[in-house]
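To start, the structure under review is shown below, and the notes come after it.
The values are calculated or read from the model by the stated rules, or taken from the named source; none is laboratory data. Note that this is a predicted model, so its numbers are computed, not measured. Using ideal geometry, Cβ is built from the backbone for each residue, glycine included, and neighbour counts are taken over all protein chains shown.
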Ligand code: AMP
């Protein structure tokens, strides 16, 4: 909680690049105005009707009041602060003002599959031993190794074993291969649980029955892991990870905003293709290691695309940090991912992503409206004051009134 508070405080202190531009405008605005006021005073004193000193003072003071740059100073912070406030109401923590501005330029979204598009809590749907073996033995063997892993697949396999009241043997020499699987010694035998692609690389022969069943399950969108004992396949375990309820509507809304998608996953190609097809995602990159995901982020940059990366795991942290905008899922995500990201979606609802992008575009529009309002009102009344046509109440309106208009326009962002 204290980290989130610190992040929010930092966000409020940050300045958007346009804000810096507005500050620069304000900095030369003041000397110019003082000069105009002095000129007005001198011209009215010299050439004005009697009492010329009186007219000179009143008109010069009107110029000063009108030109007070309050409204201009408020124009951008008002839009940015209310924009971030609206984000907070939606459960979206935007880390700084610059992020809010950059969000509007995003054209591509890179999405991690597990835990972002899906619930991230897979469950075992099928245990398929090779002939001569029992499903219970296969599951017990896999769960013994997985008990030492923190991967969601591991938790699912251990949970399935516990449901069946299986006794798990102790594991030694446990080793996790990121994006590949796990290896450990159970009894005096080496057990491997993980992806077929990784096994093939290690030279393990996978028999025809296993391959066929595995391909069928993957084509239906299931994740399949193989269990291998001392280099001999024992069978396979199929898992499914439900697509989050918010995923489909979020993707439709993002399509509506004209954005392109690419799904990145460590899962196999056929499983990934099936999920992407169901979700109408244009591009898929499968069988990736955490490092490959980072490479995809760099590729997007090279192609001149402005990509946001959406992820939740420690694995995703480098990609989250390097992407133009990193969106981290807050509720189920890891601290590391939240720290590396630019935007944290606190309630894990993917629909917040299109809403945040829309919010950024609206904030941008309000910001320029505010600058236009502030400068426009000031310019009109300044012209009137120099020529002696502005009364004192007009001057006050041009000052306070412009500030109030800018504030009012900014507050519109808080509406749904
Ligand atoms: P990840 O990049 O973590 O999503 O993992 C990619 C793939 O590696 C998964 O789809 C599994 O096939 C395999 N894998 C990773 N960790 C494990 C594990 N603990 N148990 C079994 N398979 C795993």
Practice problem: Please enumerate the residues belonging to region 197-221 that are touching a strand residue (DSSP E or B) at 6+ places or on another chain (Cβ under 7 Å) and away from the ligand (no atom under 15 Å from the Cβ). | Solution: 207, 213
Exercise. Take region 395-416 and flag every residue that is over 14 Å from residue 68 (Cβ atoms) and in a helix (DSSP H, G or I).
Key: 405, 407, 408, 409, 410, 411, 412, 413, 414
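Specify the residue that is modelled with the lowest pLDDT; the eligible residues are those in region 193-215 that are over 18 Å from residue 289 (Cα atoms) and touching a helix residue (DSSP H, G or I) at 6+ places or on another chain (Cβ under 8 Å). Please lay out each step first, then the result.
Initially, region 193-215 is screened for residues over 18 Å from residue 289 (Cα atoms), giving 203-215.
Right, trim to touching a helix residue (DSSP H, G or I) at 6+ places or on another chain (Cβ under 8 Å) and you get 206, 211, 214-215.
On the way: 206: 81, 211: 87, 214: 90, 215: 90.
Top of the filtered list is 206.
Please report, ordered by residue number, the helices (runs of 4 or more DSSP H) entirely within region 30-144 with at least 3 residues that are buried (at least 22 other Cβ atoms within 10 Å of the Cβ) and within 17 Å of the chain's Cα centre (by Cα). Spell out how you get there, then give the answer.
Working: elements: 52-67, 70-89, 97-103.
It comes to 70-89, 97-103.
Looking at region 151-164 only, could you name the residues that are in contact (Cβ under 8 Å) with a residue 24 or more places away in the chain, within 20 Å of residue 114 (Cβ to Cβ) and either part of a helix (DSSP H, G or I) or more than 8 Å from the ligand (Cβ to nearest atom) (or both)? Working first, answer last.
Let us first name the residues in region 151-164 that are in contact (Cβ under 8 Å) with a residue 24 or more places away in the chain, namely 151-157, 159-160, 164.
Among the residues that remain, those that are also within 20 Å of residue 114 (Cβ to Cβ) are: 151-157, 159-160.
Passing the criteria: 152, 153, 154, 155, 156, 157, 159, 160.
To keep it simple, each residue is scored yes or no on (1) farther than 30 Å from residue 363 by Cα; (2) within 16 Å of the ligand (Cβ to nearest atom); (3) modelled with pLDDT under 90.
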residue	(1), (2), (3)
72	no, no, yes
77	no, no, yes
97	no, no, yes
116	no, yes, yes
127	yes, yes, no
134	yes, no, no
145	yes, yes, no
149	yes, yes, no
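Considering only residues of region 260-277 that are part of a strand (DSSP E or B) and away from the ligand (no atom under 15 Å from the Cβ), which is surrounded by the fewest Cβ atoms within 10 Å (Cβ to Cβ)? Spell out the reasoning first.
First pass over region 260-277, keeping only residues part of a strand (DSSP E or B): 260-264.
Subset that is away from the ligand (no atom under 15 Å from the Cβ): 260-262.
On the way: 260: 16, 261: 19, 262: 20.
Selected residue: 260.
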Exercise. Using the structure shown, decide if residue 233 is under 30 Å from residue 278 (Cβ atoms) and either over 34 Å from the mean Cα position of the chain (by Cα) or in contact (Cβ under 8 Å) with a residue 24 or more places away in the chain (or both).
Key: yes
Exercise. Using the structure shown, decide if residue 357 is crowded, with 17+ Cβ neighbours inside 10 Å and touching a strand residue (DSSP E or B) at 6+ places or on another chain (Cβ under 9 Å).
Key: yes
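Restricting attention to region 176-196, which residues are within 14 Å of the ligand (Cβ to nearest atom) and loosely packed, with under 14 Cβ neighbours inside 10 Å?
Within region 176-196, the first condition is being within 14 Å of the ligand (Cβ to nearest atom), and the residues that meet it are 176-184, 191-196.
Of everything in region 176-196, just one residue is within 14 Å of the ligand (Cβ to nearest atom) and loosely packed, with under 14 Cβ neighbours inside 10 Å, namely 178.
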Practice problem: Tell me which residues, restricted to region 278-320, are part of a helix (DSSP H, G or I), more than 16 Å from the ligand (Cβ to nearest atom) and exposed (fewer than 15 other Cβ atoms within 10 Å of the Cβ). | Solution: 278, 298, 299, 301, 302
Quiz item: When you go through (1) touching a helix residue (DSSP H, G or I) at 6+ places or on another chain (Cβ under 9 Å); (2) within 30 Å of residue 353 (Cα to Cα); (3) within 15 Å of the ligand (Cβ to nearest atom) one by one for residue 257, which number turns out not to apply?
Solution: (3)
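Applying the selection to region 321-357, what residues are within 16 Å of the ligand (Cβ to nearest atom) and assigned to a loop (DSSP other than H, G, I, E, B)? Steps first, answer last, please.
Here is the first cut: in region 321-357, the residues within 16 Å of the ligand (Cβ to nearest atom) are 329, 332-334, 336-337.
Once the filter is applied, which keeps residues that are within 16 Å of the ligand (Cβ to nearest atom) and assigned to a loop (DSSP other than H, G, I, E, B), region 321-357 yields 332, 333, 334.
Looking only at region 230-243, which residues are touching a strand residue (DSSP E or B) at 6+ places or on another chain (Cβ under 7 Å), under 17 Å from residue 129 (Cβ atoms) and surrounded by fewer than 19 Cβ atoms within 10 Å (Cβ to Cβ)? Step through it out loud before you land on a result.
Narrowing region 230-243 to residues touching a strand residue (DSSP E or B) at 6+ places or on another chain (Cβ under 7 Å): 230, 233-243.
Narrowing the set further to residues that are under 17 Å from residue 129 (Cβ atoms) leaves 230, 233-239.
The answer is 230, and nothing else.
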Quiz item: Considering region 222-232 alone, what residues qualify as being touching a helix residue (DSSP H, G or I) at 6+ places or on another chain (Cβ under 9 Å) and either away from the ligand (no atom under 14 Å from the Cβ) or not in a loop (DSSP other than H, G, I, E, B) (or both)?
Solution: 223, 224, 225, 226, 227, 228, 229
